[in-house]
Amino acid sequence: MPEKPTPEVTKLMPFLPLRGTQIFPHTVMHVDVAREKSIASIYAAMEDDQRIFLVMQKSEEKEEPAMEDLYEAGTIATISQVLHHSGVGLRVLIEGESRALLKGIKPDEESWIAKIKPIVPKVLPEDQEEILALIRLAKDALNNYAEAGNRVSEDLTRSIKRITDPDELVDVIASNLPTSQEERNDLLAETSVKLRLEKLCVILTREVRNANIDRIVQLRIRMQVDKAQKEYYLREQIKAIQDELGEGEDDDVEEMRKKLSAIPLNEEAREKADKELDKLSRMMAGSPESTVTENYLDWLAELPWGIYSEDQLSLTRARKILDEDHFGMDKVKERIIEYLAILSMRRKEGEQVVPKGPILCFVGPPGVGKTSIVKAIARAMNREFVKLSLGGVRDEAEIYGHRRTYIGAIPGHIISGIKRAGTMNPVFLFDEIDKMSSDYRGDPASAMLEVLDSEQNASFRDHYLDVAFDLSRVLFITTANTRDSIPPALLDRMEVIEVSSYTEEEKLHIAQKHLLRRQIEENGLPPKSVKMSATVIKQVIEGYTREAGVRSLTRVIAKVIRKAAVEMLDTGKEIVTVKPDMVEKYLGAPRFLRERPDKDPLVGVVIGLAYTEVGGELLKVECAVMPGSGKLSLTGSLGEVMKESGQAALSWVRAQSGRYNLPEDFHTKYDIHIHVPEGAVPKDGPSAGITMTTAMVSALSGRKVRQDLAMTGEITLGGRVLPIGGVKEKLLAAYRAKIKALALPQENRKDVLELPDYIREAFDIHYVSSADEVIDLALLKNDGN
């Protein structure tokens, strides 16, 4: 063997960074080497004196560890044997000799070279007796550790008894303990022999305690297993005795068998149930497998196989119920009446022959009554009502359920809803279907394709049940705020019915007929104890709500009722009549002020119309021209589509500059800035194209724009005005603002016809097909006419 290095000096030596392990002196171990630099270090050591320095990496992922990635202490070892693997790499037999500290790494592109300083063990004379006591304590603790868990071989304990050198004793025992990387490094780096022994004794004491705990836990588990086996044996004996006496037929399995035999399952479900019952009868009672099977059979038995609600097909009764709590919504009501009429026509004597349920989708802004009308539909048809909110659903297992291989698996919300309904033909509402999302767990919108397809849902297969279930008689209804975020394949399967915003007159009627009466009742006041005139309700609608539906109006009326209740108790009045001057006292200053257009024509300011999720709004588009280099700025929190409409408008204006006497070089000498006020509110869509076009022509020509005219429409590069959506909501906004004239795309004439007469007659509506027509309508000549 080569001589050991002199302890006092540092030296350069090939080193091997180890991942997840460390070798102590006086131990022998095989090490697999695969990294190219590590293999080069082995060869470098073999060519020198066969010595190599072994140090542990802090992180196993590092392929090229730096100084900070390695622990400070390691082991100088001798390479005894090198074997070549059949694959790439080496298997090296290494024997630890002594400890050393890592002082640096020499840059070398081919192998690992370390600067090390050997560790000299320190023993103070006054520590001799304490060291001897610690040696005895460490050996006794190792014996206790071996007895507690049978984790140390008898040969090792015998060899350790013969060791007298304290440093060697620490190395040999520590190499056989399940210590952490930090603890191993601490034992290697410590120079004091006494402190090394103390640290080893602490680790041994801890491991003896853990081993005793493990032994107690294992003993407890073994006793439980023996008890379960004993119970199984006794149960089998009881079962055999009951069979001999003829008393073993009424057990749980037979009860479930009788229960399922009385249910009209389909052929596939019957076959599956018989198979699961046979499997359950062979299982040990109380086992996890039997619990899973029992839960599955319970689900099969509790579903309403063959149970249907008897439809009430009286059209008069249905109309009365639908009109009780919902004003307007004529399209929805008409479609339900049509469905009931078809049911009535298809019913035959003595049996129910019904068409497949339609898949309806009610699309409209929040608060217009989409969800509540579905409850009324269920009541009108005498069917059970089930609701599933899809907002935020992102796991397809919530639709299809989990397969029984998963712990705690249950059916999806479809089957669970049918079970809650107790019939196979409920009215099933999927609320907020446009709010579904998807992630790594699947796409629930795609899972809905089978459910909402009347050609496929007759054999819907939940992942948990794994048998066909008939959903064709279910009336599925979905609701959404917008159809834009519904996947096209899903939208194609549904019959979309638009539910538009309420006009102020409709809100007034709803408040008088429904909301006021309901809030008085809900707040515990006597009927008709609070009175609000039409003038007061209009004042509340205009000053304290801005919405497409009536949710905010409901809350505001509830607040008025509460204030009136306080006044009743304070004054002793039995009836409170809310007058116009009391509204501000009850509700505070008006929250919303209706924006009125300017009376005088303005340059570069055009009134447009916008559609938002809460209804229609006026949209003022302002355009300013200033000396510059032809830059177009679009501000006001505009979306990409709206910005592109501004670019298209500018291109058309440049192309038509001669027609409107605009400077030929305005696009190089002037900057154009278009701003849409209320900059914090996001805006998007193409319908402001004609508005921005008119604003540009006005600002560049200096001609003023009529402020009693509102417009909407998409602009093309050829100057055509294309149709837009949300016509009803936009016209309602113009009606509230007392706009006198409108410029609408020619193709939107059919949408205007759906509005009430009093709204259509309030405007002078111009149907236009080109930008020239709009500009002629909106811009005054320079003489003011």
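The values are calculated or read from the model by the stated rules, or taken from the named source; none is laboratory data. Please read all numbers here as calculations on a predicted model, not as lab measurements. Counting neighbours? That spans all protein chains shown, and the Cβs are built from the backbone with ideal geometry, glycine included. Only protein heavy atoms, including side chains, enter the accessible area calculation; ligands, DNA and RNA are left aside. Shrake-Rupley method; radii C 1.70, N 1.55, O 1.52, S 1.80 Å.
State the answer as a single residue: which of I561, P682, V499 lies farthest towards the positive end of the charge dipole of the chain, with beta carbon charges of +1 for Lys and Arg and -1 for Asp and Glu, about the Cα centre.
I561
Any idea of S98's accessible area? Nearest 10 Å², probe 1.4 Å.
30
Give me the dipole magnitude in Debye, nearest 20, for the chain about the Cα centre, with unit charges on the beta carbon: positive for Lys and Arg, negative for Asp and Glu.
Once rounded to the nearest 20, the dipole reads 3100 debye.
Taking amide H positions as placed 1.01 Å from N in the peptide plane, with prolines and chain starts having none, which residues 5 or more places from H766, or on another chain, fall under 5 Å of its amide H?
Residues meeting the criterion, in which the H sits 1.01 Å from N, are L742, A743, L744.
Could you derive backbone 3J(HN,Hα) for the stretch 668-677 from the dihedral phi with the Karplus parameters 6.51, -1.76 and 1.60 (θ = phi - 60°), listing whole Hz in sequence and x where the residue is Gly or Pro?
So the Karplus estimates, Gly and Pro as x, are 10, 10, 10, 9, 10, 10, 10, 10, 10, x Hz.
In nm, to one decimal, how far is the L12 label point from the D165 one, both placed 7 Å along Cα→Cβ?
Rounded to a tenth, the inter-label distance reads 3.0 nm.
Please work out whether the chain counts as rounded, prolate or oblate from its C-alpha gyration tensor, where a ≥ b ≥ c are the square roots of the eigenvalues and a/c under 1.5 means rounded, while otherwise a/b larger than b/c means prolate and anything else oblate?
Because a/c hits 1.5 or more and a/b fails to exceed b/c, the chain counts as oblate.
What's the angle, to the nearest 10 degrees (0 to 90), between helix 370-381's Cα axis and the longest principal axis of the chain?
Orientation of helix 370-381: about 80 degrees from the principal axis.
Roughly how many nanometres apart are two label points built 7 Å out from the Cα toward the Cβ at Q81 and S454?
8.0
Got a sec to turn the phi values of the stretch 560-567 into Karplus ³J(HN,Hα) couplings, 6.51 cos²θ - 1.76 cosθ + 1.60 with θ = phi - 60°, whole Hz, x for Gly and Pro?
4, 4, 5, 4, 5, 5, 4, 5
Ignoring any ligand, DNA or RNA, what whole percent of the accessible area of the stretch 601-684 comes from carbon and sulfur when the probe is 1.4 angstrom?
Carbon and sulfur atoms account for 52 percent of the accessible area of the stretch 601-684.
What distance in nm lies between label points placed 7 Å from Cα along the C-beta direction at L195 and M46?
For L195 paired with M46, the spin-label model returns 4.0 nm.
For S769 and Y232 in the same chain, what is the full-extension length gain: residue separation times 0.36 nm, less their Cα-Cα distance, in nm?
184.7 nm
Can you list which of the chymotrypsin sites (Phe, Trp or Tyr not before Pro) found in the stretch 373-431 are DSSP loop residues with at most 12 other C-beta atoms within 10 Å?
Passing both the DSSP loop test and the Cβ count: Y406.
Take the alpha carbon gyration tensor of the stretch 72-151, find the square roots of its eigenvalues, order them as a ≥ b ≥ c, and report rounded if a/c is under 1.5; if not, report prolate when a/b exceeds b/c, else oblate.
Cα axes put the stretch 72-151 in the oblate bin.
Quick one: which of K331/K563; K387/K579; K513/K573; K11/K62; K643/K740 span more than 32 angstrom between C-alpha atoms?
Table pairs above 32 Å Cα-Cα are K331/K563; K387/K579.
Computed FRET efficiency, Cβ-Cβ of K279 and R35, R0 45 Å: what is it to the nearest 0.05?
0.25
Under 18 Å from a point 7 Å along the Cα-to-Cβ line of E63: which residues of the stretch 94-118 have their amide N that close?
108-112
In whole Hz and in residue order, list the ³J(HN,Hα) couplings for the stretch 178-192 that follow from phi through the Karplus curve 6.51 cos²θ - 1.76 cosθ + 1.60, θ = phi - 60°; x for Gly and Pro.
Values per residue, Gly and Pro as x: x, 8, 7, 4, 5, 5, 5, 5, 5, 5, 6, 7, 5, 8, 6 Hz.
At 222 nm, what value in deg cm²/dmol follows for the chain if DSSP H runs of at least 4 each add -39500 (n - 2.57) and the sum is divided by all its residues, to the nearest 500?
-13000 deg cm²/dmol
Any chance you could give the angle, 0 to 90 degrees and rounded to 10, that helix 252-261 forms with the longest Cα principal axis of the chain?
With rounding to tens, the tilt is 30 degrees.
For helix 128-149, what angle does its Cα long axis make with the longest principal axis of the chain, in degrees from 0 to 90 and rounded to 10?
Compared with the principal axis, the helix lies near 60 degrees.
Give the accessible surface of the chain per residue, rounded to a whole number of Å², with probe radius 1.4 Å and ligands, DNA and RNA excluded.
Per residue, the chain has 51 Å² of solvent-accessible surface.
Given the Cα-Cα distance of T405 and R546 and 0.36 nm per residue of separation, how much length would full extension add, in nm?
Result for the pair: 45.6 nm of gain on full extension.
Quick one: pull the percent of accessible area on the stretch 390-519 belonging to carbon and sulfur, 1.4 Å probe, ligands and nucleic acids left out.
Heavy-atom surface of the stretch 390-519 belonging to carbon and sulfur, 1.4 Å probe: 48 percent.
Whose amide H sits under 5 Å from the amide H of D443, counting only residues 5 or more places off or on another chain, with H placed in the peptide plane?
The list, which skips near neighbours in sequence, is E396.
Counting DSSP beta bridges in the chain, what percent are antiparallel, to the nearest 5?
Of all bridge pairs located within the chain, approximately 60 percent are antiparallel.
Considering only C-alpha atoms, what is the centroid distance from the stretch 711-785 to the stretch 522-549, in Å?
Measuring centre to centre over Cα atoms gives 33 Å.
Would you count, across the stretch 70-169, every pair of lysines whose alpha carbons are under 25 angstrom apart, provided the pair is eight or more residues apart or spans two chains?
8
Cross-link partners among aspartates and glutamates for K507, C-alpha distance below 19 Å, same-chain residues fewer than 8 apart left out?
Counting by Cα, and skipping residues close in sequence, K507 has these aspartates and glutamates nearby: D323, E324, D325, D330, E498, E542, E547, E613, E617, E729, E754, D757.
Can you list the trypsin sites (Lys or Arg not before Pro) in the stretch 516-576 that are in a DSSP coil and have 14 or fewer other beta carbons within 10 angstrom?
Of the trypsin sites (Lys or Arg not before Pro), the ones in loops of the stretch 516-576 whose Cβ has at most 14 other Cβ atoms within 10 Å are K528, K573.
What is the calculated FRET efficiency for N382 to R591, with r their C-beta to C-beta distance and R₀ = 30 Å, to the nearest 0.05?
0.10
Can you tell me the FRET efficiency between R517 and A301 if r is taken as the Cβ-Cβ distance and R0 is 41 Å, rounded to the nearest 0.05?
After rounding, the FRET efficiency stands at 0.35.
How much length is gained on full extension from Y758 to I342, taking 0.36 nm per residue of separation minus their Cα-Cα distance?
Gain on stretching Y758 to I342: 146.3 nm.
Does the stretch 692-785 come out rounded, prolate or oblate by the C-alpha gyration tensor, with a ≥ b ≥ c the root eigenvalues, rounded set by a/c under 1.5 and, if not, prolate when a/b is larger than b/c and oblate if not?
Since a/c reaches 1.5 but b/c is at least a/b, the shape of the stretch 692-785 is classed as oblate.
Under a 5 Å amide H to amide H cut-off, with H placed in plane at 1.01 Å, what residues pair with K704 once short-range neighbours are removed?
Here L780 satisfy the definition.
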